[in-house]
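Step one of this worksheet: look at the structure below.
What follows is calculated from the coordinates using simple rules that are stated; it is not laboratory data. Note that this is a predicted model, so its numbers are computed, not measured. Methodologically, a virtual Cβ is constructed for each residue, glycine included, from the backbone with ideal geometry; neighbour enumeration extends over all protein chains shown.
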Amino acid sequence: MITVNHYMMLSAILFTIGTFGVLTRKNAIVIFMCIEVMLNSVNLTFIALSRHVGNMDGQIFVFFVMTVAAAEAAVGLALMIAFYRNKDSLDTDDFNLLKW
Amino acid sequence: MEAILFYLTATVAIFSAFFVTQCRNPINSALNLITTFLCLAVFYVMLEAPFMAAIQIMVYAGAIMVLIIFVIMLLNLGLAVKTRYTHGLAGGGVLAALVLMVTTHFVGTGTATGTGGEITSEVIATYGHTELIGKAMFVDFLLPFEIASILLLVAIVGAVILSKRKV
């Protein structure tokens with residue numbers, strides 16, 4: 001029998017993998033994709049708990065998380081294109097304009 | 001049967017999410033990420049949320065991933081991959097292990113409370129999941145819905161301004 005705890009454990013594992021990717025990768029687009037993994041693991045928790053509690057609110061929250069992810073994708077990728085035009089790379093080690 | 005499907009899909013989801021973080025080429029990472037999204041859509045169907053599964057495939061695996069792959073191909077990042085593509089593996093690994101320990105401890109020792117809401121399997125079977133979502137969204141969550149549409153408009157304008165060559 002699959003309970004809500006199974007889903008939350010899976011969600012915790014996916015969130016950890018996303019954290020690991022964000023901390024260790026250098027390519028900005030891959031970091032962005034790891035953030036998407038983390039957002040999706042939270043969505044899975046929302047839907048599993050919404051089903052467990054018997055309430056629709058969690059699934060509406062997932063809807064808004066998806067909206068924010070879409071807005072983030074549009075703005076973040078535009079920022080990356082602008083950065084690539086200036087520096088010819090997407091390596092996070094080159095993101096040092098504010099360093100002194 | 002349900003358990004077999006769950007463990008099979010969970011294994012695929014975890015491995016593809018891991019390969020997102022480990023693939024050297026960003027395109028391979030993106031394809032693995034699509035696999036993860038499809039596995040999550042399977043979970044949504046198992047959780048009796050078929051509308052969310054459809055939205056997951058259309059919005060995430062469709063729209064957002066097309067945008068990401070478009071940018072990867074536009075910038076030709078396959079050639080820009082350097083010899084060293086990770087950093088801080090030890091620190092990141094330790095921190096991620098710590099996060100995993102804390103979360104699994106909380107999930108493993110606690111139990112989820114608060115069952116018995118009005119949305120049961122029978123209600124979903126009677127009305128349909130899409131109708132229930134629509135009712136919740138356009139009655140209880142109308143103002144957040146409108147705010148989300150403004151957010152999307154602002155994001156469109158911001159993306160156009162940021163990627164213009166000359167302002």
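Mind checking which helices in chain B clear 18 Å along their axis (Cα) and have mean Kyte-Doolittle hydropathy of 1.6 or more, DSSP H runs only?
Details: long enough: B:2-22 (30 Å, 1.53); B:26-46 (30 Å, 1.62); B:89-109 (29 Å, 1.68); B:142-162 (30 Å, 2.63).
Result, helices passing both filters: B:26-46, B:89-109, B:142-162.
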With Cα coordinates, the longest principal axis of chain A makes an angle with the long axis of helix A:28-53, in degrees rounded to 10, of 10
One checks the Cα atoms of chain B and finds Rg and Dmax, in Å, of 20.5, 58
Ranking B:12, A:92, A:12 by how far each Cα lies towards the positive end of the charge dipole of the protein assembly as shown (+1 on Lys and Arg Cβ, -1 on Asp and Glu Cβ), the top one is A:92
Rounded to the nearest 10, the angle in degrees between the Cα long axis of helix A:4-24 and the longest principal axis of the Cα atoms of chain A comes to 10
HN-Hα couplings for region B:116-124 via Karplus (6.51, -1.76, 1.60; θ = phi - 60°), in whole Hz with x for Gly/Pro, come out as x, x, 7, 8, 9, 4, 5, 5, 5
Relative contact order of region B:1-135 (C-alpha contacts under 8 Å, at least 6 apart) in percent is 22
Treating only Lys and Arg (+1) and Asp and Glu (-1) as charged, each at its beta carbon, one finds that the protein assembly as shown has a dipole about its Cα centre, in Debye to the nearest 20, of 1240
quick shape note, chain A: Cα extents on principal axes in Å, largest first -> 53, 24, 21
Neighbours of residue A:66 by Cβ distance under 14 Å: Lys/Arg at +1, Asp/Glu at -1, summed charge -2
Between the Cα axis of helix A:57-87 and the main Cα principal axis of chain A, the angle (0 to 90°, nearest 10) is 10
Once the dipole of region B:23-167 is set up from charges on Cβ (+1 Lys and Arg, -1 Asp and Glu), the residue from the list B:105, B:32, B:70 lying farthest towards its positive end is B:70
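Fewest Cβ neighbours within 10 Å first, please rank B:7, A:84, B:85, B:60 accordingly. Let's see the in-between values first.
Details: B:7 13, A:84 20, B:85 17, B:60 25.
Ordered by Cβ neighbours within 10 Å, fewest first: B:7, B:85, A:84, B:60.
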Using alpha-carbon coordinates alone, the radius of gyration and Dmax of region B:1-79 in Å work out to 13.9, 45
Here the whole-number average of other chain Cβ atoms within 10 Å per Cβ of B:151-162 is 5
Mean other chain Cβ within 10 Å across B:117-129 is 2
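What does the helix-only formula give at 222 nm for chain A: each DSSP H stretch with n ≥ 4 adding -39500 (n - 2.57), the total divided by the residues, and the result rounded to the nearest 500 deg cm²/dmol?
On the way: 3 runs with 78 residues, N = 100.
Calculated at 222 nm, the ellipticity per residue is -28000 deg cm²/dmol.
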Taking N as the residue count of region B:122-167, its alpha carbon Rg divided by 2.2 N^0.38 Å gives 1.85
Per GNM of chain B with C-alpha springs under 10 angstrom, the most fluctuating residue out of B:144, B:26, B:50 is B:144
The base-10 log of I(q)/I(0) that the Debye equation returns for the protein assembly as shown at q = 0.09, 0.13 Å⁻¹, one scatterer per C-alpha, is -0.45, -0.91
Checked against the positive end of the charge dipole of region B:44-167 (+1 on Cβ of Lys and Arg, -1 on Cβ of Asp and Glu, about the Cα centre), the farthest of B:144, B:154, B:55 is B:154
Mean-square fluctuation maximum in Gaussian network of chain B, Cα pairs under 10 Å, restricted to B:137, B:52, B:65, hits B:137
Within the set A:42, A:68, A:22, GNM on chain A using Cα springs under 10 Å gives the largest fluctuation to A:68
Quick calc: nm separation of the 7 Å Cα→Cβ label points for residue A:87 and residue B:105 -> 3.6
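Please give the charge dipole size of region B:1-154, origin at the Cα centre, charges +1 on K and R Cβ atoms and -1 on D and E Cβ atoms. Round to the nearest 20 debye.
920
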Mean per-residue count of partner chain Cβ within 10 Å for A:60-68 equals 6
